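Have a look at the structure below, then the notes.
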Amino acid sequence: MRAVVFDFLERAGWSAGQMFFATLLAGGTEISAGNLPWKYSGTLAIGAAVASVILTALQYLTKMTELTFWPDVVVRLAKTFLSSLAASIVAVGVFNVGTFDWGTALNLALLTTMGSLGKGLLARQPGKAANPSTLPPETYAAAVSGPTPAPPG
């Protein structure tokens, strides 16, 4: 159970961090440190973390956790994209399809997803079980494989 909690925290933390920095970076070079969108970035980061927890719970409930490296990366990329997009939608308050800034939301989701891909590739450790997690390989394996059945008798 502890390993699963760490897996949820690792995924939510990375989603929040990637969204936070993607939001700050999306402003471009014309923004100075004094007028960076700190509050907006923080709000989006919290939204991305919550969405990540929900999507990770769904992944665990559907038992789609024992994946090899590339399928796991693809699932993480899809979850990151969706959680980033959901965070942008929730952050605007009242959502209106016609007036929502889809371009900015999709750009943020793309930046966040690229960060997730980079993290997944950098987390891969040669000579160890290939996984896109920054958790220790033993903790990650315990989290995604579920509890080991007790021996009979």
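General remarks:
- Here ASN96 does not fit the description of being farther than 29 Å from ALA3 by Cα and at pLDDT 80 or above.
- Check on LEU77, open to solvent by 50 Å² or more (accessible area, probe 1.4 Å) and not β-branched (Val, Ile, Thr): no
- Neighbours by Cβ (under 8 Å, 6+ apart or cross-chain): first from the range 113-131, surrounded by 15 or more Cβ atoms within 10 Å (Cβ to Cβ); second at pLDDT 85 or above and basic (Lys, Arg): SER116/ARG76; GLY120/ARG76
- Among the residues making up the range 55-72, those that are part of a helix (DSSP H, G or I) and more than 11 Å from the chain's Cα centre (by Cα) are ALA57, LEU58, GLN59, TYR60, LEU61, PHE69, TRP70, PRO71, ASP72.
Matching residues to (1) in a helix (DSSP H, G or I); (2) of a type outside the set (S, T, N, Q); (3) at pLDDT 85 or above:
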residue: THR104; (1), (2), (3): yes, no, no
residue: PRO126; (1), (2), (3): no, yes, no
residue: THR134; (1), (2), (3): no, no, no
residue: TYR140; (1), (2), (3): yes, yes, no
residue: GLY153; (1), (2), (3): no, yes, no
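- In the set ALA26, ALA51, ALA33, ALA22, only one residue is at negative phi and modelled with pLDDT of 85 or more; that residue is ALA51.
- Considering SER88, SER15, the condition of being in contact with a helix residue (DSSP H, G or I) (Cβ under 8 Å, 6 or more places away or on another chain), in a helix (DSSP H, G or I), modelled with pLDDT under 85 and open to solvent by less than 20 Å² (accessible area, probe 1.4 Å) is satisfied by SER88 alone.
The values are calculated or read from the model by the stated rules, or taken from the named source; none is laboratory data. Remember, predicted model here, so these are calculated numbers, not experimental data. Glycine gets a Cβ as well: all are built from the backbone with ideal geometry, and neighbour counts include every protein chain shown. We work out accessible area using only protein heavy atoms, side chains counted, and drop any ligands, DNA or RNA first. Shrake-Rupley method; radii C 1.70, N 1.55, O 1.52, S 1.80 Å.
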